[in-house]
Amino acid sequence: MDKFLVTAKVNPDLDGTSCSLAYSDLLKQMGYDAEGVVTGFPQAEVKYFIEKHNIQIPVRPDEYSDKWERFVLVDASSMKGMPKVVVADKVMEIIDHRLCDPVKEFSKAKIQNELIGAAATIVVERFLEAKKRIRLDYAKLLYGAIYHNTLNFIATNATKRDINAVKYLETTYDLNDTLVREMFDFATREVEDNVQMALENDAKEFEIDNKKIGAYQLIVWGNEIIRDKRAIADSVRRIRRKFQAPWVFLNIVDLDSKKSHIFVDGPEGEKILSKALNIKFDNGWTVLPAILRKQIMPKVNEVIEFNKS
């Protein structure tokens, strides 16, 4: 029997982590030889579950291996940012929730890609369809992931399906929003303790029109971190130099104020983001109603494609 690896991008957030572990467990319950693994560094919200709930997260470095013959991608639908072990032609299934066209890269894969709040919601639905039970540890991860990806249900990507998944997890596993607030508070302290490390662990690079764009995101509760904008900007510039990107931006989502504080470094990026989001920047900064990076990037793509035409 082929060995399946269920995985998300390198340095996955809680959505990718929870889906990797929970969906691999579902596949095992259905008779497949499947393993869920996190590649890279667990992000702050994932550390909360490791340290406060003693949940074991299998982590491996980003290096090649011939251990697995088939792959399932969760919270991901492109080879960009995927672990080195993943082979595109051997990807058999994709579960994602963003605006993209994975068929171009994965012609052999069964694809479920729907514009909802979290890939974790789809995984919960898969368990319900299969009439299988989610392990308590994984139920906690999925629950936190849905809240994290919908920005505590203030983001415009939240849907009725996400709400229904959360209600199911609450009633079945005795979960409540106390866990959610603790998760966000823990992650906020992690970010405030070392902003540079938080940015590097989250780092996402997108290649658009043969240019590498850095798109970073921090989700916090409270605006303490925003008060030192100079230090934030310096950290972003250091990462830009490290990755040699023509321009980068950072999206800091404050769940308390329900605002996104966006900083862009590079005149080309400021011009593109201004048009994409219909906003103006002041010394590289602007403030918007809470929005996610995965909602920003399609708008950036549209502007770049329009400028080329």
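Readers should treat all values here as calculations from the given coordinates under stated rules, not as data from a laboratory. Remember, it's a predicted structure, so these values are computed and weren't measured experimentally. Neighbour counts run over all protein chains shown; Cβ positions are idealised from the backbone, glycine included.
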- Item | Under the Karplus curve 6.51 cos²θ - 1.76 cosθ + 1.60, θ = phi - 60°, whole-Hz ³J(HN,Hα) for region 22-30, x wherever Gly or Pro sits | 5, 5, 5, 5, 4, 4, 5, 4, 8
- Query: Which of these, Ile219, Ile116, Ile50, has the largest mean-square fluctuation under a Gaussian network model of the chain (Cα springs below 10 Å)?
  - Reply: Ile50
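Kindly provide the helix-only [θ] at 222 nm of the chain, computed as the sum of -39,500 (n - 2.57) over DSSP H runs of four or more divided by all residues, to the nearest 500 deg cm²/dmol?
Numbers: 10 runs with 132 residues, N = 309.
My calculation for the chain gives -13500 deg cm²/dmol from helical runs alone.
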- Message: When a/c reaches 1.5 or more, the comparison of a/b and b/c decides; with that in mind, is region 200-263 rounded, prolate or oblate per its Cα gyration tensor?
- Response: prolate
- Note on the structure: Protection proxy (average C-beta count within 10 Å per residue), highest first, orders 243-251, 139-147, 13-21, 224-232 as 13-21, 139-147, 243-251, 224-232
- Query: So how tilted is helix 293-308 from the main axis of the chain? Cα-based, degrees 0 to 90, rounded to 10.
  - Reply: 60 degrees
- Message: Restricting to bridges with both residues inside the chain, how much of the DSSP beta-bridge set is antiparallel, in percent to the nearest 5?
- Response: 40 percent
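Rounded, prolate or oblate for region 107-218? Axes are the square roots of the Cα gyration tensor eigenvalues, ordered a ≥ b ≥ c, and the cut-off for rounded is a/c under 1.5. Mind showing how you got there, number by number?
On the way: a/c = 2.22, a/b = 1.25, b/c = 1.77.
Here region 107-218 falls in the oblate category.
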- The answer for the net charge of residues other than Arg237 whose Cβ lies under 12 angstrom from its Cβ, with Lys and Arg +1 and Asp and Glu -1, is +3
- Query: In sequence order, what are the phi-derived ³J(HN,Hα) couplings for region 137-150 according to the Karplus relation 6.51 cos²θ - 1.76 cosθ + 1.60 with θ = phi - 60°, rounded to whole Hz, with x for glycine and proline?
  - Reply: 4, 6, 4, 4, 4, 5, 4, x, 5, 5, 5, 5, 6, 9
- Loop trypsin sites (Lys or Arg not before Pro), region 262-302 (other Cβ atoms within 10 Å of the site Cβ: 12 or fewer; DSSP): Lys280
- Loop-resident chymotrypsin sites (Phe, Trp or Tyr not before Pro) in region 11-74 with no more than 11 other Cβ atoms inside 10 Å, DSSP not H/G/I/E/B, are Tyr64
- Query: Along region 7-20, what does the Karplus equation 6.51 cos²θ - 1.76 cosθ + 1.60 (θ = phi - 60°) give for ³J(HN,Hα), rounded to whole Hz, x for Gly and Pro?
  - Reply: 8, 10, 5, 4, 6, x, 7, 5, 4, x, 5, 5, 5, 4
- Message: With a 10 Å cut-off between alpha carbons and a GNM built on the chain, which of Asp265, Asp254, Asp234 moves the most?
- Response: Asp234
- Item | Whole-Å distance, taken between Cα centres, linking region 130-158 and region 197-244 | 26 Å
- Task: Given the options His261, His53, His97, state which has the largest fluctuation in a GNM of the chain using a 10 Å cut-off (strictly under) for Cα springs.
- Result: His53
- Task: Count charges around Glu125 for me, please; just the other residues with Cβ under 11 Å from its Cβ, Lys/Arg as +1, Asp/Glu as -1.
- Result: -1
